[in-house]
Amino acid sequence: MAFRLPDAEHLLRGSLVKRYKKCGRMGCHCADDIGHGPAYYLSVTLAPGKTRSYYVPPQLKSRVSRYLRNHRKLRELVKEITELNQELLAQGVLDDD
């Protein structure tokens, strides 16, 4: 079985989060509306209860999305490979190439 791995340098772990912000200025439309934005951030969990956010400029949003997809794809492929190796181990034919 052949697996197509994403380029290792094109990976990001986390979630792309869309945020709107209210500025607090009197009479600004954002007070009654959804707010200014959207602005995008990469949110990464570093440890339980510890999250870091990175601002994503508009011109990098599609690239960040692609890198996040690559990371998800890599995780899925590792899971598939692991499951296949577990089956081979159960059959006693785990290959050592």
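The values are calculated or read from the model by the stated rules, or taken from the named source; none is laboratory data. In this text the structure is predicted, and so the values were computed from the model without any measurement. Here the Cβ is made from the backbone with ideal geometry for all residues, glycine too, and neighbour counts use every protein chain on show.
Of the residues making up the stretch 1-43, those that are closer than 16 Å to Arg63 by Cβ, in contact (Cβ under 8 Å) with a residue 40 or more places away in the chain and in a loop (DSSP other than H, G, I, E, B) are Pro6, Asp7, His10, Leu11, Leu12, Arg13, Gly14. Scanning the stretch 1-43 for residues that are more than 30 Å from Thr82 (Cα to Cα) and either out of contact with any helix residue (DSSP H, G or I) (no Cβ under 8 Å at 6 or more places or on another chain) or surrounded by fewer than 13 Cβ atoms within 10 Å (Cβ to Cβ) (or both) yields a count of 22.
With respect to the numbered conditions (1) within 21 Å of Leu12 (Cα to Cα); (2) in contact with a Phe, Trp or Tyr (Cβ under 8 Å, 6 or more places away or on another chain), which one is the sole condition not fulfilled by Gly37? Among (1) within 21 Å of Leu12 (Cα to Cα); (2) in contact with a Phe, Trp or Tyr (Cβ under 8 Å, 6 or more places away or on another chain), the lone unmet condition for Gly37 is (1). Here is the figure for the stretch 44-74: residues that are loosely packed, with under 12 Cβ neighbours inside 10 Å and in a helix (DSSP H, G or I) total 3.
Every residue, every condition in (1) within 29 Å of Arg4 (Cα to Cα); (2) over 13 Å from the mean Cα position of the chain (by Cα); (3) modelled with pLDDT under 95, yes or no:
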| residue | (1), (2), (3) |
| --- | --- |
| Gly24 | no, yes, yes |
| Cys30 | no, yes, yes |
| Gly35 | no, yes, yes |
| Leu60 | yes, yes, no |
| Arg75 | yes, no, yes |
| Ile81 | yes, yes, yes |
